[in-house]
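Visitor: Okay, here's the structure, questions in a sec.
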Amino acid sequence: MLHAFKQQQIKHDDHPLLWWALIIVSLFAAAGAAIALWFGYPIWAGALMGVLEAGILIILITLLHIYRSLEKRQEIQQGKQQAYAQIIHLIAPRAPLPPMTQWAATPELVLELIHQMISHRPKTIVELGSGCSSLIMGYMLEQQAEQGHLISIDHDREYAQKTRRNVSLHGLDVHITVLDAALELQPSIGPNGRQSTWYQLRDLTLPESIDLLVVDGPPEKVTPWVRYPAVPVLAEKLSDQAVIVLHDTHRKDETAIIHAWMDILPDATVEWRSTDKGIAILDRHHAS
């Protein structure tokens with residue numbers, strides 16, 4: 001039974017509903033018991049009646065919650081489909097693209113990267129977390145024909161190799177270099193001097209000037225504030241016109257990271273994109 005319970009995969013969004021259900025059952029049971037006691041009926045009967053009434057109310061609330069969730073999910077899916085259609089139209093890929101699902105870059109993020117590349121035409125791009133987004137930016141570099149280059153870094157060697165195969169399949173080797181870098185403890189790099197885990201870059205050759213920094217890794221599960229080191233470590237390499245794109249800002253850590261980065265780059269402005277996973281863009285162009 002415990003195994004079956006664990007398989008339900010209760011998520012953070014479910015917690016408020018579960019807590020409210022518990023509170024409602026407790027209140028109705030207590031109210032039913034109090035009423036039964038007042039009229040001289042068995043307390044257990046009153047409590048049971050309260051639980052049954054609470055159950056009916058919880059079912060109605062759950063149905064409303066499901067309806068609202070489905071309505072929201074449908075709107076999100078429509079946005080993803082529209083973004084994907086625009087992506088295909090803008091890049092015309094020569095081979096099938098990897099799925100933009102689960103841990104991969106979302107269509108909304110990829111479309112935002114296309115927008116940034118059209119607007120700012122970056123020459124040097126560093127991406128943390130490789131995948132479909134790497135291919136899309138490679139196609140954009142090819143279209144812009146300005147000898148720009150993308151370096152994509154992944155902590156997972158097998159996944160990096162998979163991305164390299166896709167880069168070759170799409171004929172984008174001249175525009176994209178995919179590197180794998182293991183994660184290691186970074187001493188005294190986090191806020192207030194705390195340690196953080198991040199990519200080991202000692203043996204990698206990175207461009208001296210970075211025009212676009214895309215931060216979609218490492219995964220959240222590694223450690224709190226795992227994406228924070230991106231700006232402190234690479235700050236000296238960020239060009240005066242650099243743009244930094246951070247994904248997953250629907251999470252509290254990523255939102256806090258953006259504000260911490262603003263302390264390091266006080267000349268940058270920040271824009272937020274309201275998607276299902278959230279996107280933030282730090283832009284230094286307005287400082288010049």
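The values are calculated or read from the model by the stated rules, or taken from the named source; none is laboratory data. Please read these numbers as outputs of a predicted model, since none were measured by experiment. Here Cβ is always computed from backbone atoms with ideal geometry, including for glycine, and neighbour counts include all displayed protein chains. In case anyone asks, the SASA skips ligands and DNA or RNA and just uses the protein heavy atoms, side chains included. Shrake-Rupley method; radii C 1.70, N 1.55, O 1.52, S 1.80 Å.
Yes/no per residue for (1) closer than 28 Å to residue 100 by Cβ; (2) of a type outside the set (A, V, I, L, M, F, W, C); (3) out of contact with any Ser or Thr (no Cβ under 7 Å at 6 or more places or on another chain):
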| position | (1), (2), (3) |
| --- | --- |
| 251 | yes, yes, yes |
| 256 | yes, no, yes |
| 264 | no, no, yes |
| 267 | no, yes, yes |
| 278 | yes, yes, no |
| 281 | yes, no, yes |
| 285 | yes, yes, yes |
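Visitor: Mind listing just one residue for me: the one in segment 127-179 that is touching a Lys or Arg at 6+ places or on another chain (Cβ under 8 Å) and either at pLDDT below 95 or of a type outside the set (Gly, Ala, Ser) (or both) and, of those, nearest to residue 227 (Cα to Cα)?
Guide: The residue in question is 128.
Visitor: Do we find a residue being surrounded by fewer than 17 Cβ atoms within 10 Å (Cβ to Cβ) and at positive phi anywhere in segment 99-106?
Guide: Yes, segment 99-106 has at least one match.
Visitor: Go through segment 145-174 and count every residue that is closer than 16 Å to residue 212 by Cβ and open to solvent by 30 Å² or more (accessible area, probe 1.4 Å).
Guide: The qualifying residues number 3.
Visitor: Still on this model: Sort out which residues of segment 237-262 are out of contact with any helix residue (DSSP H, G or I) (no Cβ under 9 Å at 6 or more places or on another chain) and farther than 17 Å from residue 220 by Cβ, and write them in order of number.
Guide: 237, 239, 259, 262
Visitor: Sticking with this one: What tally of residues in segment 26-47 results from selecting those that are open to solvent by 90 Å² or more (accessible area, probe 1.4 Å) and assigned to a helix (DSSP H, G or I)?
Guide: Count: 6.
Visitor: Continuing with this model, one more query. For the structure I just gave you, tell me whether residue 203 is surrounded by fewer than 18 Cβ atoms within 10 Å (Cβ to Cβ), acidic (Asp, Glu), at pLDDT below 95 and part of a loop (DSSP other than H, G, I, E, B).
Guide: yes
Visitor: Anything in segment 270-288 that is β-branched (Val, Ile, Thr) and modelled with pLDDT of 95 or more? List them, or say none.
Guide: Correct list: 270, 279, 281.
Visitor: I would also like to ask the following. Out of 209, 239, which single residue is open to solvent by 10 Å² or more (accessible area, probe 1.4 Å) and within 21 Å of residue 178 (Cβ to Cβ)?
Guide: 209
Visitor: Can you name the residue in segment 225-256 that is in contact with a Pro (Cβ under 9 Å, 6 or more places away or on another chain) and of a type in the set (A, V, I, L, M) and is also farthest from residue 124 (Cα to Cα) among such residues?
Guide: Residue satisfying both the conditions and the ranking: 256.
Visitor: If a residue has to be over 11 Å from the mean Cα position of the chain (by Cα) and open to solvent by 10 Å² or more (accessible area, probe 1.4 Å) to count, how many in segment 212-226 make the cut?
Guide: Here the count works out to 5.
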